[in-house]
1. With the checklist (1) under 17 Å from Ala106 (Cα atoms); (2) out of contact with any helix residue (DSSP H, G or I) (no Cβ under 8 Å at 6 or more places or on another chain) in hand, flag the one item Thr201 doesn't pass.
2. Output the strands (runs of 3 or more DSSP E) that fall wholly within region 29-97 and possess 1 or more residues being farther than 16 Å from Leu159 by Cα and among the hydroxyl-bearing types (Ser, Thr, Tyr), or say none.
3. Condition check: without any contact (Cβ under 8 Å) to a residue 12 or more places away in the chain, surrounded by 15 or more Cβ atoms within 10 Å (Cβ to Cβ) and not in a loop (DSSP other than H, G, I, E, B). Does Asn102 satisfy that?
4. So which residues in region 52-82 are more than 14 Å from Val25 (Cα to Cα) and of a type in the set (Gly, Ala, Ser), if there are any at all?
Amino acid sequence: MLHLNQIHKIFNEGTPDEKIAIDQVNLTLKPGDFVTVIGSNGAGKSTLMNIISGVLVPDVGEVQIAGKDVTSMSEFKRSKMIGRVFQDPMAGTAPSMTIEENLAMAYARNKTRTLRRGVTKKRKEYFREVLETLHLGLENRLNAKVGLLSGGERQALSLLMATFTEPSILLLDEHTAALDPSRAELITNLTKEIVAKYQLTTLMVTHNMQQAIDLGNRLIMMDKGQIILEVNEEQKKQLSIEGLLAEFKRIRGTQMASDRAILA
């Protein structure tokens with residue numbers, strides 16, 4: 001479903017501020033895979049998301065979605081295949097528009113444009129049905145401005161908008177990080193339910209190691225623009241935070257020893 005081949009991205013190349021953001025990354029997600037991504041700040045996680053979504057174009061490498069080369073495809077065209085939820089609850093929705101209008105925009109993302117009225121009675125009933133699955137009472141507030149919703153409500157709406165057209169790829173970019181613990185738990189549970197319901201192929205970035213362990217069937221760890229650890233489904237069942245930290249220290253220690261040997 002998603003295939004990244006030898007992805008390489010450098011920022012500010014040839015200047016004192018040159019930084020290798022992504023370093024020869026290969027990654028494949030099969031249909032229905034739910035992969036969690038962890039790593040420290042600057043590890044390349046968000047850059048990887050931006051390359052997949054089309055915000056950034058890799059300097060080297062190829063991005064394929066559902067067998068199609070989309071490396072040079074614009075973010076706008078690629079959005080028909082990708083749903084994305086950001087860390088900021090203010091992103092991903094139009095605050096000055098109503099819940100109903102936001103849903104109508106998301107619904108039309110992969111539909112043929114027509115001159116027919118945007119929100120029909122039948123479509124409004126459908127919006128109420130999908131909103132009921134959030135258990136937040138938003139189905140009774142279709143005409144409320146999204147800007148008046150709480151952070152948790154907006155993030156739940158963003159998640160719904162990103163997924164109810166069943167995209168080829170769902171990207172979750174630290175989508176619970178800005179929420180308080182109770183709302184973060186709500187969004188985490190909703191994520192689990194929605195991904196399972198639609199069998200969405202999902203890539204989720206998180207700084208919460210327990211969340212990374214609990215969700216999904218695979219886990220990858222990034223550092224300095226590289227994937228330094230991949231954990232499959234069976235290994236993930238035995239994984240702990242302590243084990244992850246120990247593995248990170250072991251890998252980094254091995255790399256540092258290798259670097260010292262090269263420089264000697």
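1. Unmet condition: (1).
2. Where strands (runs of 3 or more DSSP E) fall fully within region 29-97 and carry at least 1 residues being farther than 16 Å from Leu159 by Cα and among the hydroxyl-bearing types (Ser, Thr, Tyr), they are 34-38.
3. Here the answer is no, as Asn102 does not meet what is asked.
4. Within region 52-82, Ser53, Gly54, Ala66, Gly67, Ser72, Ser74, Ser79 meet the criteria.
Just so you know, all these numbers are worked out from the coordinates, no wet-lab data involved. Fair warning: this is a prediction, and the values are worked out from it, not measured in the lab. Glycine also receives a Cβ, built like all others from the backbone with ideal geometry; neighbour counts cover every protein chain displayed.
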